[in-house]
1. I need the helices of the chain that pass two filters: whole DSSP H segments spanning 24 Å or more by Cα along the axis, and mean Kyte-Doolittle score no lower than 0.0.
2. In whole Å, what is the distance between the alpha-carbon centres of segment 225-292 and segment 325-350?
3. Accessible area of segment 1-70 with a 1.4 Å probe: how many percent of it is carbon plus sulfur?
4. May I ask you to give the solvent-accessible area per residue for segment 1-152, in square angstrom, as obtained with a 1.4 angstrom probe?
5. What does the charge dipole of the chain about its Cα centre add up to, to the nearest 20 debye, if the Cβ of each Lys and Arg holds +1 and the Cβ of each Asp and Glu holds -1?
6. Computed from the coordinates I sent, Rg/Rh (Cα atoms, Kirkwood Rh) equals one of (i) 1.23; (ii) 1.00; (iii) 0.97. Tell me the label.
7. Check the straight Cα-Cα distances from residue 66 and name the lysines below 27 Å, setting aside those fewer than 8 residues away within the same chain.
8. So if we plug the beta-carbon distance of residue 380 and residue 251 into 1/(1 + (r/R0)^6) with R0 = 25 Å, what FRET efficiency do we get, rounded to 0.05?
Amino acid sequence: MKNKWLIALAAIGIHICIGSVYAWSVLTRPIMEEMGVSLSETTWAFSIAILFLGTSAGFLGGYVEKYGPRKSGFVSMIFFCIGMLGTAFAILQNSLPLMYLFYGVIGGIGLGTGYITPISTLVKWFPDNRGLATGLAIMGFGFASLVAGPVMQILVAKYGLVNNFIIMGCIYAVVMTASALYLEPPKQYTEVKETQIAAGPQYTVKEAVKTWQFFALWAVFFINITCGIGLLAVASPMAQEIIKMTPMEAASMVGVIGLLNGLGRIIWSVISDKIGRPNTYVLFFAIEIIAFAVLAGVTSSLIFQLLIFVIITCYGGGFSCMPAYLSDIFGTKQLSAIHGRILTAWGLAGITGPLLLSFIRETTNSYAFTLYFFSGCFVVSLIVAFILKYKTSESLDSQQCSC
């Protein structure tokens, strides 16, 4: 039987490759200079990739369940690496439409498929620690920019922008193929153990999306990502404007944000195994209500950074705890497909967050109103999280009584 920790390592291998999408900002200026395009034109490639991540995850979850993690991991590798190599070709041709097609659409499909590929498998290998299991893989996605960012900077400086995409595409092909080949569901022992441990029904994706719990989780996931990704998009310029950081200091802060984005995913996942997913999400939103509201009026550099870092850990934790929360409510029968449907919120939020923040910022000429608005959004999330907490507890209690 395969080692469950090596299974987790294989999951991290896929996620740390596709998570390099978060290092896109490193490539923004070189692409602008190479192709002679504007910042907004370049940024659309990233937004389209996130949109298709959510869309493909939503519609290909059933494929992952049907064909297993090995085949779906390989499909993810093909799409993602074609996206990388195709982007190199698009830059050579100086074609924005081709870059949107290869990096945004084709690469985005690879992102979505790869993101959900290991989740259901890991939950089955770690039935007693579902939060830890999903946190391990999704941690890799959060940490990826810390690895990919510096590597890409070096490659662009030494070999040029086009060769950077070719080299990274080849490296990703090797790592993702090796990782996909090792992934497989557990054998009889773990399956029997999971059956003994699992509480509640095992929903199909069609059954899950008809429940109010699904829409409640989709809504809080959407709000958390919209506000979090909006903050990520302007963290550096906001720090320079509000607390007068230098560009170098702001860049250092962004690096720490990447680290805490990854750490938050694993730390909050472990906490969720201890206190439960409903309590964890209530804690997320209570913290974020306060943090965003205080951030709007802060003038201290230290407090500003601490608040940003706390918010980012909650943002990352919201990603890693969601698959375990879904498995708690809907079971693991079609977890990849159900998780994929939830990830459509990410695709929409990836566009909504930055656009909403930019609109409010330009309309009010201030970041403060935006931060207060985000704080208000989390009040809504907190109310929904409390409803989920108590309704879920009542449901589990009734199931235990009927056993």
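1. 39-92, 130-159, 161-182, 212-242, 247-275, 277-295, 301-330, 344-364, 367-402
2. Distance between centres, Cα-based: 22 Å.
3. Values: 1920 of 3100 Å².
Roughly 62 percent, rounded to a whole number.
4. Ligands and nucleic acids excluded, the figure is 35 Å² per residue.
5. In debye, rounded to 20, the chain gives about 740.
6. Comparing each candidate, only (iii) matches the computed number.
7. Here the lysines satisfying the reach criterion relative to residue 66 are 2, 4, 124, 187, 193, 206, 210, 333.
8. 0.15
The values are calculated or read from the model by the stated rules, or taken from the named source; none is laboratory data. Quantities reported herein were computed from a predicted structural model and do not represent experimental measurements. Glycine gets a Cβ as well: all are built from the backbone with ideal geometry, and neighbour counts include every protein chain shown. Protein only, heavy atoms only, side chains kept; ligands, DNA and RNA dropped before computing areas. Shrake-Rupley method; radii C 1.70, N 1.55, O 1.52, S 1.80 Å.
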